[in-house]
Structures are given as C-alpha cells and as structure tokens.
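The structure appears right after this line, and notes come after that.
Coordinate-derived values only; no laboratory data. All values reported here derive from a predicted model rather than from experimental measurement. Counting neighbours? That spans all protein chains shown, and the Cβs are built from the backbone with ideal geometry, glycine included.
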Amino acid sequence: MWHWARAWSALLALVALPALAQEAEVGPDVPAPAAPAAPPALADAPPAGQSRWDWAFLPLIFYAPETSLGVALGVGVYDDTPGPPDKPRRDDSVSLVFQGTLRKQFTVGVSGVKFWQGGREQATQDVVLIHFPNVFWGVGNDTPEAARDPFTQSGAISRTTFAVRLPGETYAGGGVTAGWYRVVADSAGGSVDGYAATAPARGPAFGVGPVLRRDTRDDALGPHSGSLTSLTATFFPRFLGGTYKFQQYEIDQRTYLTLGSRTVLATEAYGLWVPGEVPIGELPALGGGSRLRGYFMGRFRDHLYLMAQLEARIRVVGRFGLAPFAGVGNVFPSPSDVSFDRTKVAGGLSARFRVKKERELDIHLDVARSPISTGVYLNMGDAF
C-alpha cells in the first residue's frame, strides 16, 4: 500500500527551506546569493538556544498511467534554525498531504521526523489513508492481459521508527507497523477472487522489525555524489493480533557519481521479498513512476521483486536538462526461483526543469517504453 502513496510528505520536508521565505519577499526570479568566502554572521538567526520554525505549501499536478491526471496538496511545518554549514541538516518537520486523481483515487498522509541529541537520535512517524481503484492481473511474471481484473483497495497504515546514529552517518534501530486492509473486486470469479483463496481480502496486520540506514549523499534533494543504503525487515505474526501472517525484507542501494560539470550518473539496485499470506496492497509490484518506468505498476506481481536501473541526469542549458534512463528486473515466487527467463526491460527519456535555482529540485516529464506498454509520467523530484 505504501507504493501508491506518493512521498509528497518527504518532498515537503526537503523543499521547505529558508530560501522559500526569501523568494516570497524578493520574487522567484532573483538568483541565490553567491557563497561567501567565510561564514557570515546570521543577522536573522535566533538567539542561542531558541528555535526558528517556518512552513511551506506545495500544490502539484501529476500524471501517471496508474492514476491518470491528479493533484497533490500539502502543507509542511519545519524547524528552520540555522546550523553549522559543514554538517548535514537534521531538521524536525511534520507535513500533511492530500492526493486525488481523475480515477477517484484518494490518499491522505501525515509524516513527521524528530531529532534529539544533535541528530544522534531520530524518530519518524508516517500515517496513510488510502482509497485506490486499481487493476490486478494475478501472481507471476507471465500473467496474460486477459487476466486483468479491476478492484478497489482501501485501508490505513501507520509506521513508527526510532533509530540511533552510529559512526559514518549510519542509523540503526527498529520500527512498528500497524495496518488495516480491504480489497473489493469489481466482478466475481476473477484474479482478485483467485488471490483471496491464498490471503484474506480484509483485516488488520501488525509488524515489528529492525531498520538500518546509511546516507552519505551530498544533497538529499538532488545528490551529485555519495550513496544511500537502506535495509529493513518487518515481521507480521498472527500472535500480535493480525489477520495476515507475512514478512517484509527490503534492500535499497543508490549511488551517485558526478561526471564532468553537467552530468550526474545515478544507479539503484533494489530488492523486496514478502513471503507469507500477503495483502494485495503489500505484494511486490513491478513498474510505476520510480522503478521500471514503462510498465504499469502492478502489471506483474509476486513475492520477490528484484530490479536495477540507471539514469544520466544532464544539465543542458540554464534550468533545462535531459535524463536518459533504463532498467531491468522481474518478479519471482522466492529467491530459489530467480532466473533470467522473462527478464523485464524498459527505458526512456526525461525532460527536466529546475524550479529552484539554488536547489536541485526538478519537475520532469518522463516518456518510457517497455516491450508491452508505454508510460508517460509528470512529477516533481527525482525518481530515485
């Protein structure tokens, strides 16, 4: 279910920067001031020991094959207290985001992060409510188009994490997840009803597990160098009170390399394994606007999803850029079934426009092609 709830809350936390207040006063066409030779005195900084808070509003129109045309509206409140320029920002923030589409798909999300001890301790909270008409083709990497079965998934999910920073910008800790899922097929006897024979169509799920994350990116909004490594495992046993019994093991490795003065090469390797009695909304889904663009998200589903992709982000002139991208991947029943048979490939080109001169925040129009479909995506922020 998390896959359908776009990360506008995280985007709000990233774009809600002091520059927003400056642009509101002097106008959006004023370039960012040049970096000073030495750290200046912050005339508008609060006295020592005091915090400065600000807010941001984010309206956005987007498009994807899974959603058609949609709008996202969000408001974020964040700690804007100046910090040392040679250290990464660790800002407390909370945001509320609403998303709706022409296909009557709706999500509401609340997201927050809190730091203590100078960033050495971190807590996060995410809550999502969702009502999402969708399509299910069954389980497997060779399901036919004739198995297409419209359905509606709805529910709510909450995830809380707490982690402590270790050496090397690594955070280790644990998370608690609680969710309620409901699936209703548009017609009887289709792929959705067939899957209901292996997992309940509705009910709660409660999970716990460890989290490990290392982030050395130079800029989380538009990285030029560094990497992001994320490892999570969540266990959903029935004795916690859930209807479902399954596990989630996720690994995500992203690396960024600057090539010359205008190009950044971004790569990602991703894996998600979810064995057990899994709600349809949590069953790994190939495709979408972030991974293997060109495939409808969920066109192929199974318990294991493996994928790799790369993108060359080229700044062409001024605020305009292009980014060719390509990816390979597939879904499988389990790790022992992994093979190169029926490998899925996709690629395309992204046209990009930087909306903030002083930060790497782009609106991008992606056109992607796979052997079975074409996808057009309009979004803000990098795909990965």
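Put simply, the C-alpha atoms of the stretch 158-259 give a gyration tensor, and the ellipsoid matching it has half-axes of 35, 19, 10 Å, longest first. Here's how it looks for Val135: its modeled amide H is under 5 Å from those of Phe151, which are all 5 or more places away or on a different chain. Charged side chains reduced to their Cβ positions (Lys and Arg at +1, Asp and Glu at -1) give the stretch 269-384 a dipole of some 640 debye around its Cα centre. Taking amide H as placed 1.01 Å from N in the peptide plane, Met297 has its amide H under 5 Å from the amide H of Glu66, Gly288, each at least 5 places away in sequence or on another chain. The phi-based Karplus calculation (6.51 cos²θ - 1.76 cosθ + 1.60; θ = phi - 60°) puts the 3J(HN,Hα) values of the stretch 228-240 at 10, 10, 9, 10, 9, 9, 10, 10, 10, x, 6, 5, 7 Hz, whole numbers, x for Gly and Pro. The string of couplings for the stretch 137-154 from the Karplus curve (6.51, -1.76, 1.60, θ = phi - 60°) is 9, x, 10, x, 9, 9, 5, x, 4, 5, 7, 3, 9, x, 7, 10, 10, 8 Hz, one whole number per residue in order, with x for Gly and Pro. Under 5 Å from the amide H of Gly140 lie the amide H atoms of Arg301, Asp302, each residue being 5 or more positions distant or on a separate chain, with H modelled from the backbone and absent for Pro and chain starts. By the count of other C-beta atoms within 10 Å, a proxy for reagent exposure, Val317, Val367, Val113 are ordered fewest to most as Val317, Val367, Val113.
Per-residue packing, averaged as other Cβ atoms within 10 Å, sorts the ranges 345-353, 332-340, 184-192 into the order 345-353, 184-192, 332-340, beginning with the highest.
Ranked for footprinting exposure by Cβ neighbours inside 10 Å, fewest first, Phe98, Phe296 give Phe98, Phe296.
Derived scalar couplings between HN and Hα for the stretch 279-291 equal x, 3, x, 9, 6, x, 10, 7, x, x, x, 10, 10 Hz in order, rounded to whole Hz, by the Karplus curve 6.51 cos²θ - 1.76 cosθ + 1.60 (θ = phi - 60°), x for Gly and Pro. Note on Arg182, Arg262, Arg254, Arg301: ascending count of other Cβ atoms within 10 Å places them as Arg262, Arg182, Arg254, Arg301, the fewest first. In units of the compact-protein estimate 2.2 N^0.38 Å, the stretch 208-316 shows a Cα radius of gyration of 1.28.
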